[in-house]
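Chemist: Got a structure here, written out as structure tokens. Questions coming.
Throughout, read-outs are computed from the coordinates displayed, never taken from laboratory work. Just so we're clear, the structure is a prediction, and the values are computed from it rather than from any experiment. Cβ: placed from backbone, ideal geometry, glycine included. Neighbour counts: every protein chain shown.
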Amino acid sequence: MIDRMASGWLNFVVNHPRWVLACVVLVLMAAVAGLPKLRLDASSDSLTLERDTDLDYFREVSQLYDSGDFLVVTYAPNTPLFEDAALQQLQGLHAELAAIEGVASVNSILNVPLLYSPKRSLREMAKAPRNLLDADVDRALAKAEFLQSPIYRKMILSPDGETTALQLNLAVDHQFIALVTERDNLRLKKRTQNLTAEEDMRLQAVSAEFLAHRLAAEKASHARVQSVRDVVAQYRGDAQIFVGGITMITADMISFIRQDLIVFGGAALLFMVIVLGVIFRSVKFVLLPMITCVSAVTMTLGIVCWAGWHLTVISSNFVALLLIIALAIIIHLVVRYREYESEQPQWTQKQLVLAACGYMVKPCLYTALTTIVAFVSLVISDIRPVMDFGWMMTIGLVLATILAFVLFPAVLVLLPREAANKVQQGSQSKPFTAYCAAAVERLGHGVLLIACGILLLSVWGISRLQVENRFVDYFHEETEIHQGLSLIDQKLGGTTSLDIILQPEAATALLTPESVPVEFTDEDDPFAEADAFDEQDPFEAPTSETEDDPFAEADPFSEQGEQKKNSVWMTVAGLQLVDRITQYLDSLPEVGKVQSLATLYEVGKDINGSLNNFELAVMAQSLTPEIDQVLVQPYLDRDTDQARITMRIIDTYPGLQRAELVERIHAHLAEMDGVDIEHVRFSGLLILYNNMLQSLFSSQIVTLGAVFLGIGLMFVLLFRSVLVAIVALLPNMLAASAILGGMGLAGIPLDMMTITIAAITVGIGVDDTIHYIHRFKTELAVDGDYMKAMHRAHRSIGRAMYYTSVIIIFGFSIMVLSQFIPTIYFGLLTGLAMLAALSGALFVLPQLIMLTRPFKTNSR
């Protein structure tokens, strides 16, 4: 049936080539029209799991505490930091950064409140909050406060006192969170139950609204990063300045991806042209494969653009990979056509085209289907970029296969066949694959022994695979982003955020009558002797009704202050518990800056000497808005009475194990007196990224299992033999194991880029297997001699396999010039994967065939 359908299709194409080409051109024009819609996405959302409940909680926490993303600018002046010249420059930089659109506020040593320079009572601080710009501030004391105070140490000034940080706080995009939450809820409901017509319409509307808002937000974010860089560039002559932060990483990753798409895509195309010219020594057999490959990529990109998909760090690699796979298909056609052209000099061009395409349509269709199975397996991953990569490759493979059997026959039938003497030129030379066949014949069982040794070594290497990796390692050491992230990580408190959210029920042991402030009567007036927060005469009359009165605005025990009074965390017992947790976290070597309500407790003790619940209530009521914004608001939600402990993890810490760190903290809190661990939850970017990393192992196992199961079943259907299916599958399993084992031995971590390598190895490796077995059966039917059939298969289809693999290996090797380290790994590992797959097809596969003899012959 396949043969009849293929024959009818090919006859239509070769008889109406111009009409067919016109249709292809129209489709290409439609695809090109969509290319301006192409978008790249390297946001933190693209590095998370699909339907991750921790992501929803992360957004909820961000809204609750109004804590959005931020950028960090490090500033190390050429002159001493606390001298006038350096501070004036810093003031100018601060002002220009604060004026950038989208920057909600800027925190720096210039504007944060000073509480210890010198130490003052809360009443004095309430009268006149001070900062470094005040004329009478002692800068030596201020420097000491930045280095040693519980508020600012390990956050705003490096230990050597030479580098400071400006934190650019970006506003929380509440509209983004609202839209994505509504969209995801409707999508979830659609998957689990039916939507009403109104809900379905709302899903379409909110999806379109979210896409438009996201595009606008991304554009504004990139413009903001560029504005920050433009401002910073003006001050680089007088200071060493770096920019860091998640938004910065996103912008740079997109720049690197765009550069790789253009530069290395063009370089790969140029390399393919040169190699094709060397191999075939014919202009038409250079241009025709390239036109076919570029058309397949362009059409796929057009579909991606019109569908509104984004290219991520992972899926952007489909362009190079699809070029390679499409080229492999067309090279097999060219090699078979030239074989017929050499063997049948009396045939017309139409006969040659029909014969070549007719012979190759079945193996090419089979290879396309098995490769599609390999990439479809990626869709079962929970990682959105990996899923998108699988879908894009699937669409691209379908288009590449169709175009190979449309453009190749349609264009070639319009061209005259080459002269017989030109066809014969160079065709008599002994191909490299003939030596491979001789090696298989001579070594015999030694090939299998070598393969077993590689397999054992690979298993050991796989056991050493790791998933831990660091953002900073994604970039070369000389890049600004690497230097900036390293500086922030090592001197200014760490990079990746981790939050611990304590619900009020988490401290049930504290909910006792003694733990909360009591109601005082007139008889027990705590101010009868002296104001605990003022050294002046308590009987001195204030100058006005409200002046110097900490209760002028609200009594801490009045109705207005009821929430503060009843907060389990705004008690001495509550703060002591938070302080114990904070001290434990601060003792961990992987943890940088830790911030919580414990800072309020330490400041209160420093200023007052000691604290009881009443004094704590008065202190909390006396805080100025500026100080409250620093000490309380980021760490306590008064409506829900939940406390937040936030920390930054040192991403460059040697041997950082994120999952082990989170488990260690969780276990310690579970054993801590006074903590109900059931009401403690972790959040932050570290949790989201760790969820993705920990899913990689399980995803890799599930993906490879699905690949081998699917391809194994297809082999059984294609070859009608379980034995042949096993023989065909074993070399590909060996190649995939060798790559994963090599990664483990080389210490290359498993991440979102490298997780696709094994599937790619199998997906492309089975192409060689199917082509070889198909040709081997044809050659075996000639004389029934396995050895001679093996030699002939190596000389014919083996040569095409060799050509395609060489192009793949060296084509992907060009990626070593990338500025993005994961792209370098992807290029090198893909090249090595193709080498492993080719070796398996040329050495292990034929030896297994010779050993098992799975095909019937006339002599048998």
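Chemist: Which value results for Rg/Rh of region 92-165 when Rg is the Cα radius of gyration and Rh the Kirkwood radius based on the inverse mean 1/r? It would help to have the intermediate numbers written out before the result.
Modeler: Working: Rg = 13.1 Å, Rh = 13.3 Å.
Radius of gyration relative to Kirkwood radius: 0.99.
Chemist: Would you mind giving the three semi-axes, in whole Å and largest first, of the ellipsoid equivalent to region 691-781 according to its Cα gyration tensor?
Modeler: Working: eigenvalues 172, 38, 16 Å².
The three semi-axes for region 691-781 are 29, 14, 9 Å.
Chemist: When every alpha-carbon pair in region 296-373 is counted, what percent end up more than 17 Å apart?
Modeler: Values: 1748 of 3003 pairs.
That fraction is 58 percent.
Chemist: What pairs from Lys430/Lys777; Lys362/Lys430; Lys119/Lys143; Lys119/Lys491 go past 20 Å between their alpha carbons?
Modeler: On the way: Lys430/Lys777 22 Å; Lys362/Lys430 28 Å; Lys119/Lys143 14 Å; Lys119/Lys491 26 Å.
Where the Cα-Cα span goes over 20 Å, the pairs concerned are Lys430/Lys777; Lys362/Lys430; Lys119/Lys491.
Chemist: Rounded, prolate or oblate, given the Cα gyration tensor of region 799-846, with a/c below 1.5 counting as rounded? Mind showing how you got there, number by number?
Modeler: On the way: a/c = 5.65, a/b = 2.23, b/c = 2.53.
Oblate shape, in that a/c is at least 1.5 and b/c is the bigger or equal ratio.
Chemist: In Å and from the alpha-carbon atoms only, list the Rg and Dmax of region 190-231.
Modeler: Answer for region 190-231, Rg first and Dmax second: 16.9, 52 Å.
Chemist: Continuing with the same structure: Stokes-Einstein diffusion coefficient for region 594-739 at 20 °C in a medium of 1.002 mPa s, Rh from the Kirkwood formula over Cα pairs: what value in µm²/s?
Modeler: Values: Rh = 20.8 Å.
It comes out at roughly 103 µm²/s.
Chemist: Could I ask something else about it? Just want the ordering: Cys436, Cys293, from fewest to most Cβ atoms lying within 10 Å of their own Cβ. If you can, show how the numbers build up before the last one.
Modeler: Details: Cys436 21, Cys293 25.
Fewest-to-most Cβ neighbours within 10 Å comes out as Cys436, Cys293.
Chemist: Shifting gears a bit: Please work out the Cα center distance from region 250-328 to region 633-681, rounded to the nearest Å.
Modeler: For region 250-328 versus region 633-681, the Cα centre distance is 45 Å.
Chemist: Please give the charge dipole size of the chain, origin at the Cα centre, charges +1 on K and R Cβ atoms and -1 on D and E Cβ atoms. Round to the nearest 20 debye.
Modeler: Numbers: 62 positive and 92 negative charges, 1917 e Å.
About 9200 debye.
Chemist: Which whole-number percent is the relative contact order of the chain (Cα, under 8 Å, 6+ apart)?
Modeler: Working: 1248 pairs, mean separation 162.3, N = 860.
After rounding, I find 19 percent.
Chemist: Among Tyr635, Tyr116, rank each residue by its count of other Cβ atoms within 10 Å, from fewest to most, as a rough exposure measure. Mind showing how you got there, number by number?
Modeler: Values: Tyr635 23, Tyr116 19.
Lowest count first: Tyr116, Tyr635.
Chemist: Let me ask something else about it. Between beta-carbons, use under 10 Å as the cut-off and find the net charge around Leu492, counting Lys and Arg +1, Asp and Glu -1. Walk me through the numbers on the way to the answer.
Modeler: Details: positive: Lys154, Lys491, Lys593, Arg648; negative: Asp489.
Computed value for this residue: +3.
Chemist: Just to confirm the number: angle between the C-alpha axis of helix 613-622 and the first principal axis of the chain, 0 to 90 degrees, nearest 10?
Modeler: 80
Chemist: Over region 210-326, one equal point on each Cα, no solvent: what is log10 I(q)/I(0) by the Debye formula at q = 0.11, 0.12, 0.13 Å⁻¹?
Modeler: Debye curve over Cα of region 210-326, log10 I(q)/I(0) at q = 0.11, 0.12, 0.13 Å⁻¹: -0.56, -0.63, -0.70.
Chemist: In which sequence would Phe146, Phe285, Phe810 go, from the one with the fewest C-beta neighbours within 10 Å to the one with the most? Write down the numbers at each step before the final one.
Modeler: Numbers: Phe146 25, Phe285 22, Phe810 16.
Fewest-to-most ranking of Phe146, Phe285, Phe810: Phe810, Phe285, Phe146.
Chemist: Oh, and also: Rg/Rh for region 567-626 to two decimals, with Rh computed the Kirkwood way over all alpha-carbon pairs. It would help to have the intermediate numbers written out before the result.
Modeler: On the way: Rg = 12.3 Å, Rh = 12.2 Å.
The Rg/Rh ratio comes out at 1.01.
Chemist: Where the centre of each part is set by its Cα atoms, how far does region 795-860 sit from region 436-471, in angstrom?
Modeler: The distance from the Cα centre of region 795-860 to that of region 436-471 comes to 14 Å.
Chemist: Assigning unit charges at the beta carbon (Lys, Arg +1; Asp, Glu -1) and nothing else, what dipole magnitude in debye, to the nearest 20, does region 173-277 show about its Cα centre? Before the final figure, lay out each step's value.
Modeler: On the way: 12 positive and 12 negative charges, 28 e Å.
With only Lys, Arg, Asp and Glu charged at Cβ, the dipole is about 140 debye.
Chemist: So, one more: Beyond 14 Å, what share of the Cα-Cα pairs of region 211-261 is found? Please give it as a whole percent.
Modeler: Numbers: 778 of 1275 pairs.
Beyond 14 Å sits 61 percent of the P(r) for region 211-261.
Chemist: Seen from all sides and averaged, what is the projected area of the convex hull of the Cα atoms in region 126-275, in nm²? Let's see the in-between values first.
Modeler: Working: hull surface 75.5 nm².
Here the figure is 18.9 nm², rounded to one decimal.
Chemist: May I ask for the percentage of alpha-carbon pairs in region 616-695 that lie more than 23 Å from each other?
Modeler: 41
Chemist: May I ask for the net charge around Glu590, where only other residues with Cβ less than 13 Å from the Cβ of Glu590 are counted and Lys, Arg are +1 while Asp, Glu are -1? Show your work: numbers first, answer last.
Modeler: Details: positive: Arg470, Lys593, Arg648, Arg658, Arg664; negative: Glu468, Asp489, Asp586, Asp651, Glu660, Glu663.
Net local charge, Glu590 excluded: -1.
Chemist: Compute the long axis of helix 797-813 from its Cα atoms, compare it with the longest principal axis of the Cα atoms of the chain, and write down the angle in degrees, 0 to 90, nearest 10.
Modeler: Around 20 degrees separate the two axes.
Chemist: So which trypsin sites (Lys or Arg not before Pro) in region 444-499 pass both tests, a DSSP loop state and at most 12 other Cβ atoms within 10 Å of the Cβ?
Modeler: Arg464
Chemist: If you average 1/r over every pair of different alpha-carbon atoms in the chain and take one over that average, what Kirkwood value in Å do you get? Numbers along the way, then the final one.
Modeler: On the way: mean 1/r = 0.0320 Å⁻¹.
Value: 31.3 Å, from the Cα pair sum.
Chemist: Right, something else. Pull out a ≥ b ≥ c, the square roots of the eigenvalues of the alpha-carbon gyration tensor of region 237-305, then state rounded if a/c is under 1.5, prolate if not and a/b is larger than b/c, and oblate in the remaining case.
Modeler: Numbers: a/c = 6.09, a/b = 2.20, b/c = 2.77.
Taking the square roots of the gyration eigenvalues as a ≥ b ≥ c, region 237-305 is oblate.
Chemist: So what's the gap between the Cα centers of region 758-779 and region 344-384, to the nearest angstrom?
Modeler: Using only Cα atoms to place each centre, the spacing works out to 11 Å.
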